[in-house]
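Below is one structure, written out as structure tokens; the observations come after it.
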Amino acid sequence: GRLKIAVTGAVFENPPYVDHIVAFAKAHPNVDLSVSFSDQKVELIGSAFDAAVRIGWLEDSRYKTRKLCDIGRALVASPDYLADKKLPKKVEDLELLDWIKLGQFPVTKQLINKSGEVPSIRAKVAIEVDSAASLRRMALSGMGVATIPHCLVAPDIMEGRLVELKPRWDLMAAGAHVVWPSNVSEGSLTMRFVNFL
């Protein structure tokens, strides 16, 4: 049969995540598999998509979901952007910085400390983009502070192109979920994919 899935692009088109989709395709050679890698949210109901893999916090109760893993995020800015600014020492200092916002995520950011306290800050948005790849690009170019999946910026942090800001608080991890319409039957190709992941 045919299976069409939508996958958050910037993270899941990279190893090790894409390897699971490849493994499914190899294990099911007779499936006509179509994968859309995009950071744009696809509505499953009324579309040609059978399932989606998403990062973030799920809101739509018309879908069934299964959590796959947590995606760690880094709070980063370029050395150029930080050159004439005071590094944040407390969580409130983060509200004074310019933020690069990823379109589908809220302006409010939740952090957590070792005691389990979860304050939220309201980011002052300098620019909004629609993909994690462009979020990283804007951070590298000095547009401001961004929260980006750690796997996408780890080399940039290690090589000094980005600085990770940690004012005694960490970003809450974003869950990665597979999502499918609630009317999908247990023996379907969609559920075979969900169970495989």
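The values are calculated or read from the model by the stated rules, or taken from the named source; none is laboratory data. A quick note: this is a predicted structure, and the numbers were derived from the prediction, not measured. Every residue, glycine among them, receives a Cβ derived from its backbone with ideal geometry; neighbour counts consider all protein chains shown. What goes into the accessible areas is simple: the full protein's heavy atoms, side chains included, and nothing from ligands, DNA or RNA. Shrake-Rupley method; radii C 1.70, N 1.55, O 1.52, S 1.80 Å.
Side notes on the structure shown:
- Considering only residues in segment 109-132 that are assigned to a strand (DSSP E or B), at pLDDT 75 or above and within 16 Å of the chain's Cα centre (by Cα), the one that is nearest to Val76 (Cα to Cα) turns out to be Leu111.
- Among the residues making up segment 67-87, a single one is closer than 26 Å to Ser188 by Cα and either exposed (fewer than 12 other Cβ atoms within 10 Å of the Cβ) or of a type in the set (Asp, Glu) (or both): Lys67.
- Residues of segment 1-59 satisfying the condition of being among the aromatic types (Phe, Trp, Tyr) and at positive phi: none
- Considering residues of segment 155-167 that are touching a residue at least 24 places away in the same chain (Cβ under 8 Å) and open to solvent by 20 Å² or more (accessible area, probe 1.4 Å) only, the residue nearest to Phe12 (Cα to Cα): Ile157
- Residues that are surrounded by fewer than 16 Cβ atoms within 10 Å (Cβ to Cβ) and part of a loop (DSSP other than H, G, I, E, B) within segment 168-187 comprise Arg168, Ala173, Ser182, Asn183, Ser185, Glu186, Gly187, listed in sequence order.
- Among (1) free of Cβ contacts under 8 Å to residues at least 24 places away in the same chain; (2) in contact with a Lys or Arg (Cβ under 7 Å, 6 or more places away or on another chain); (3) within 29 Å of Ala6 (Cα to Cα), the one test that Ser134 misses: (2)
- Among the candidates Glu95, Glu128, Glu117, residue that is without any contact (Cβ under 8 Å) to a residue 24 or more places away in the chain and open to solvent by 20 Å² or more (accessible area, probe 1.4 Å): Glu117
- Leading residue by the ranking (least open to solvent (accessible area, probe 1.4 Å)) among those in segment 39-59 that are free of Cβ contacts under 8 Å to residues at least 60 places away in the same chain and within 19 Å of the chain's Cα centre (by Cα): Val42
- Test result for Pro149, surrounded by fewer than 15 Cβ atoms within 10 Å (Cβ to Cβ) and either at pLDDT 95 or above or not hydrophobic (A, V, I, L, M, F, W, C) (or both): no
- Hits in segment 1-33 - residues which are open to solvent by 20 Å² or more (accessible area, probe 1.4 Å), within 23 Å of Gly56 (Cα to Cα) and part of a strand (DSSP E or B): Lys4
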